[in-house]
Amino acid sequence: MRAFRVAVEAQDMEAAVALLTDDVVFHSPVAFRPYQGREVVGTILRAVSRVFQDFRYVREIGAPDAADQVLVFHARVGDREIEGADFLHVDEHGRIDQLTVMVRPLSAAHALADAMAAELGARR
């Protein structure tokens with residue numbers, strides 16, 4: 001979804017969150033259970049925007065008007081290089097109702113989990 005990519009690359013998390021449905025489901029690369037709801041997912045997106053350094057999308061997969069699309073990204077978490085993908089599903093109104101994130105390598109996923117726990121813990 002082009003609008004999500006543009007918002008995230010501009011670090012405009014409010015614009016990214018506005019593209020989510022109220023009951024969006026987020027599957028985290030580091031948590032077993034999914035998160036649900038725009039408010040919770042918005043909190044996660046804002047936190048990850050502070051944790052990722054040198055974030056950039058490098059590829060889009062899927063037709064622009066398809067319900068399912070993938071945005072491949074590269075970033076850093078501390079000294080760890082991370083490669084990942086945002087799997088987006090949009091509803092009939094063009095809003096994101098499901099977001100699944102996968103990352104590699106495992107050492108970067110661990111660094112991401114630790115950094116997110118610290119970031120979210122500091123914000124409480």
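Coordinate-derived values only; no laboratory data. This one's a predicted model, so the numbers in the text were calculated from it and none came from an experiment. As a convention, Cβ positions derive from the backbone with ideal geometry for all residues, glycine included, and neighbour counts pool all protein chains shown.
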Which one, [x] 109; [y] 95; [z] 135, gives volume of the Cα convex hull per residue in Å³ as derived from the coordinates shown?
[y]
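Given Cα pairs under 8 Å that are at least 6 residues apart, what percent is the relative contact order of region 2-123?
Details: 218 pairs, mean separation 28.7, N = 122.
Value for region 2-123: 23 percent.
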So if R0 is 22 Å, what FRET efficiency would His93 and Arg2 give, r being the distance between their Cβ atoms, rounded to the nearest 0.05?
0.90
Nothing charged except the Cβ atoms of Lys and Arg (+1) and of Asp and Glu (-1): what's the magnitude of the dipole of the chain about its Cα centre? Round to the nearest 20 debye.
400 debye
R0 of 25 Å, Cβ-Cβ distance Ala118-Glu14: FRET efficiency to nearest 0.05:
0.60
Using the alpha-carbon centroid of each, what span in Å lies between region 80-119 and region 47-63?
9 Å
In nanometres, what is the gap between the two model label sites at Asp65 and Asp22, each 7 Å from Cα along Cα-to-Cβ?
2.9 nm
